[in-house]
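Values in this text are rule-based calculations from the coordinates and carry no lab data. Here the structure is a predicted model, which is why all the values come from computation and not from measurement.
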Amino acid sequence: MYARRHLKILVKLILMSCLLAVGSIASAQTLDQAKADGLIGEKSDGYIGFVAERVSPELVSLVENVNRQRRERYEQIAQQNNISVNEVAQLAYARAVQATRPGHYVEDANGQWVKKP
C-alpha cells in the first residue's frame, strides 16, 4: 500500500516536471542554460537554489517563479495524497537528481553543492 502510494506520487511528479518544462519553453531554455553554466542547481529541499553568488535579477525572478510553481504543485499533490508538502518535495528532489544532467549541480545531504558525475 505504502509503495503503491509513493509510485502514484512519483508518476504525478514526473507529469508535473513535464508540464513545467513544456509550460514555458523560453524559461526552460534559460533555466537549462543557467544549470549548464553552473549558476543554479537542484536543492535537497525540492526547489532550485543558487550555486553562484552573483546572478542576474532576471535569473532570480525565473528561479522564484519556478519555485513558486513547484510549491503550488507540491501542495496539490500533498493534499490529494494526505501527506506533507515536505514528503512530496523530498520525492521531487529524488526525481530531480535522477533527471539532472552530468556536470550540473545538486545539493548533497550536507548542504554542499556537488557536480553530478
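Taking the Cα atoms of segment 76-117, the ratio Rg/Rh between the radius of gyration and the Kirkwood radius comes to 1.10. Note on segment 31-113: Cα Rg divided by 2.2 N^0.38 Å, N the number of residues, gives 1.10.
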